[in-house]
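The values are calculated or read from the model by the stated rules, or taken from the named source; none is laboratory data. Bear in mind that the values here come from a model prediction, so they are computed numbers and not experimental data. We place every Cβ from the backbone using ideal geometry, glycine too, and count neighbours over all the protein chains shown.
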Amino acid sequence: MRLPFFLISTVVLCGLLSCSKKETQIIDKLIVYVSIAPQKYFVEKIGKDLVDISVLVPPGSSPHTFEPKPSQMTRISTADILFTIGIDFEHAWIPRIRDNAKKLKIIASDMNIEKLKSTDIHDHHENNDSDSHDPTDNNGLDPHIWLSPELVKTQAYTIYNALCDTDSTHKSQYLKNLNIFLKEIDSLQLQIRSILKNCPHNDTFMIFHPAWGYFAKEFNLTEYPIEIDGKEPSPKELAQIIDFAKNNNIKTIFVQPQFSAQSANQIAHELGATVATVNDLSDKWAENLINTTKLIGTCKQ
Ligand code: ZN
């Protein structure tokens, strides 16, 4: 269903001022849902004012453990498109959303993307407790594909194709917006490389929840996670992490607002390092990548 969007200011004004000419403009917007906030940024770039976008996972919630509210399930049943990203909660909820909304197009925005195995990141830890929560999708693959600008280009094409398929009359506008967005991503990549080149930084950065693996891969960095299989590390594991941090001269420990910072604070305290918050789910996607890069590099640009 399309949402009629009425521009009524002229009508209201003319009603009050008794103008002779009355005008009502109706714009049909596509109703689009996305799983997480960064996807809203991508769809907005390509759909601009032709789309009305809602995000399923609200700010402060983790998409690894989120469950949609009944009211969201009702509203989504009237939408045109849902862009999934391939993250944990979708595996349980997408079949239910599909049953509830037969006409909704569900587009996997992780299509055509080769994912990294999440298990690699835990090689340095001891493996225990198999029934704990793991921050991966169901195949043991890392879902955080929205943090690599190069992979976002692929996602942008997928979004563009889905918008054109659903609303072919505005194809030329979507194409124009796509090309502008791709150029913006090119310049973002140059900016990130320039920050890393000009600011002294450690190639390895330590973070609680391992969301930045694709970003690290694209920019030749190494992400060292504190979280183990979705949980705080045990005291023994914590001691190993602290040893690693000392040996690798780690000065900053990154944490995320959606996760507990207890072990990160402990590690920082042991090392005399600082704790910095980075949010991998920010809706200000480009600005957030720049700010995170500046935190990884030690100078401000
Ligand atoms: Zn995550």
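Quick test of your reading of the structure: S194 fulfils all but one of (1) of a type outside the set (A, V, I, L, M, F, W, C); (2) at pLDDT below 95; (3) more than 16 Å from the ligand (Cβ to nearest atom). Name the failing condition by number.
Only one criterion in (1) of a type outside the set (A, V, I, L, M, F, W, C); (2) at pLDDT below 95; (3) more than 16 Å from the ligand (Cβ to nearest atom) is unmet by S194, namely (2).
Residues of segment 57-84 being hydrophobic (A, V, I, L, M, F, W, C), in contact (Cβ under 8 Å) with a residue 24 or more places away in the chain and within 16 Å of the ligand (Cβ to nearest atom), which ones?
Listed by number, the list holds a single entry, V57.
Looking only at segment 169-183, decide whether some residue is under 23 Å from the mean Cα position of the chain (by Cα) and either within 16 Å of the ligand (Cβ to nearest atom) or of a type in the set (S, T, N, Q) (or both).
yes
Take the residues of segment 250-285 that are in a loop (DSSP other than H, G, I, E, B) and away from the ligand (no atom under 16 Å from the Cβ): which is nearest to the chain's Cα centre (by Cα)? It would help to see each step written out before you state the result.
Looking only at segment 250-285, we keep the residues that are in a loop (DSSP other than H, G, I, E, B), and these are 250-251, 256-261, 272-273, 278-284.
Pick out the ones that are also away from the ligand (no atom under 16 Å from the Cβ) and you get 250-251, 272-273, 284.
Numbers: I250: 26, K251: 26, G272: 31, A273: 27, K284: 10 Å.
Across segment 250-285, the extreme among qualifying residues is K284.
Any residue that is at pLDDT 90 or above, surrounded by 11 or more Cβ atoms within 10 Å (Cβ to Cβ), of a type in the set (S, T, Y) and in contact with a Ser or Thr (Cβ under 9 Å, 6 or more places away or on another chain) - is there at least one of those in segment 21-33? Spell out how you get there, then give the answer.
Kept after step one, since they are at pLDDT 90 or above, are these residues of segment 21-33: 29-33.
Now restrict to residues that are surrounded by 11 or more Cβ atoms within 10 Å (Cβ to Cβ): 29-33.
Still in the running and of a type in the set (S, T, Y): 33.
From what's left, in contact with a Ser or Thr (Cβ under 9 Å, 6 or more places away or on another chain): 33.
Yes, some residue in segment 21-33 is at pLDDT 90 or above, surrounded by 11 or more Cβ atoms within 10 Å (Cβ to Cβ), of a type in the set (S, T, Y) and in contact with a Ser or Thr (Cβ under 9 Å, 6 or more places away or on another chain).
Looking at P143, P149, which one is more than 16 Å from the ligand (Cβ to nearest atom), under 20 Å from L289 (Cα atoms) and not assigned by TED's automatic domain parsing to the domain that holds D243?
P149
Would you point out which residue out of D80, D49 is closer than 30 Å to E287 by Cβ, assigned by TED's automatic domain parsing to the domain that holds L178, at pLDDT 95 or above and surrounded by fewer than 19 Cβ atoms within 10 Å (Cβ to Cβ)? Show your work before the answer.
On the way: D80 fails: surrounded by fewer than 19 Cβ atoms within 10 Å (Cβ to Cβ).
Only one candidate qualifies: D49.
Condition first: assigned by TED's automatic domain parsing to the domain that holds S109, buried (at least 19 other Cβ atoms within 10 Å of the Cβ) and outside any loop (DSSP other than H, G, I, E, B). Can you find one or more residues in segment 161-169 that meet it?
Among the residues of segment 161-169, at least one is assigned by TED's automatic domain parsing to the domain that holds S109, buried (at least 19 other Cβ atoms within 10 Å of the Cβ) and outside any loop (DSSP other than H, G, I, E, B), which makes the answer yes.
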